[in-house]
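Data block below; observations after.
Computed from the coordinates by the stated procedures, all read-outs in this text should not be read as laboratory data. Predicted model only: the values in this text are computed from it and were never measured. We place every Cβ from the backbone using ideal geometry, glycine too, and count neighbours over all the protein chains shown.
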Ligand code: BV8
């Protein structure tokens, strides 16, 4: 049962900001970082693969891990949680969706104002120049090389130990500081600086709602906790608030 106070605040909200993590894509069949990596990748820890050093040490391995995830994504589709967020956006004057995910499923579900804090699996950039490259010669070399400078190509995602795109982070922080209602959906809240956004919202008096089957460091501070899958709770919020 969605709390009445949450529905009332949502209907009256001028601005709603949402932070999502891997959990919002779990019901699309995309394993979260908490889930043990499956199959071929089960012997690797994502945090050991998603770093510049891992790429320097073994560019082929890291490139193939992302190619595997990109390939997996072609068979996945947005789930009711993604669609519910796209629906909420239609009812709120100012709606900002800040995601840690790199799967592009929010955009595929129809969300329009999406801030990607950690990049996007569908984009590739030059490791040396940092320029996004959309076409390159397939010579069979893995990773492929930058057509401009010959450097190695890499996924356009933010690795551990790398800075987030400044414009995305600043926009996400501003959105946390100015919203009336903040949803934290499907994130374990372990990775900084994204994990600080809900607390920035709390500091300025926003209603903070956590949607997660499990406890997180945010749970004890959240105004409301919807304990369960986002694919169930978020459609329930939409139905209760707007019928
Ligand atoms: C930075 C892209 C400044 C790549 C990702 C020491 C040295 C260097 C850095 C650090 C350090 N100590 C700390 C840091 C900072 C570090 C960090 O936070 N580390 C943590 C691990 C301690 N952060 C960084 O490095 C960031 N950059 O700080 O720059 C700097 C620069 C140099 C030196 C120092 C500092 C960059 C972080 C970005 C990393 N890139 N992704 C890729 O995807 O391959 S992070 C990646 O992991 C995701 O994007 C996501 O952010 C994170 C996983 O978190 P979640 O999304 O929350 O997923 P998780 O699996 O953890 O949880 C899922 C949740 O869903 C669970 O709670 C589960 O219960 C729930 N769930 C499950 N099913 C459902 C559900 N919820 C709802 N419905 C369901 N059905």
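Taking the Cα atoms of segment 1-121, the ratio Rg/Rh between the radius of gyration and the Kirkwood radius comes to 1.05.
The Cα center of segment 109-183 and the Cα center of segment 71-85 differ in position by 20 Å.
Cβ crowding within 10 Å ranks 1, 207, 72 as 1, 72, 207, fewest other Cβ atoms first. Does anyone have the angle between helix 230-242 and the longest principal axis of the chain? Alpha-carbon axes, 0 to 90°, nearest 10? The two axes meet at around 40 degrees.
Segment 195-220 and segment 1-66 have their alpha-carbon centroids 17 Å apart. With the helix formula -39500 (n - 2.57) applied to DSSP H stretches of n ≥ 4, the chain reaches a computed 222 nm mean residue ellipticity of -9500 deg cm²/dmol. A compact globular protein would have a Cα radius of gyration near 2.2 N^0.38 Å; the ratio found for segment 142-190 is 1.72.
With neighbour counts taken as other beta-carbon atoms within 10 Å, the residues 214, 128 rank, fewest first, as 214, 128. Specify whether the C-alpha gyration tensor of segment 159-233 places it in the rounded, prolate or oblate class, a ≥ b ≥ c being the square roots of the eigenvalues: rounded for a/c under 1.5, otherwise prolate if a/b is larger than b/c and oblate if not. Cα axes put segment 159-233 in the oblate bin. Full extension of the chain segment joining residue 7 with residue 61 gains 14.7 nm, where the gain is 0.36 nm per residue of separation less the Cα-Cα distance. Enter the angle in degrees (range 0 to 90, nearest 10) between the Cα long axis of helix 166-177 and the first principal axis of the Cα atoms of the chain, meaning the one along which they spread out most. Computed tilt is about 10 degrees. Segment residue 43..residue 94, full-extension length gain: 14.0 nm, with 0.36 nm per residue of separation and the alpha-carbon distance subtracted. Placing a label point 7 Å from the Cα of residue 34 along the Cα-to-Cβ direction, the residues of segment 188-215 whose backbone N falls under 18 Å of that point are 188-192, 194-199, 209-215. Name the residue, out of 57, 227, 14, whose mean-square fluctuation peaks in a Gaussian network model built on the chain with Cα pairs under 10 Å. Greatest mean-square fluctuation among the candidates belongs to 57.
In plain terms, the residue of 24, 208, 132 with the fewest other Cβ atoms within 10 Å comes first and the most crowded comes last, giving 132, 208, 24.
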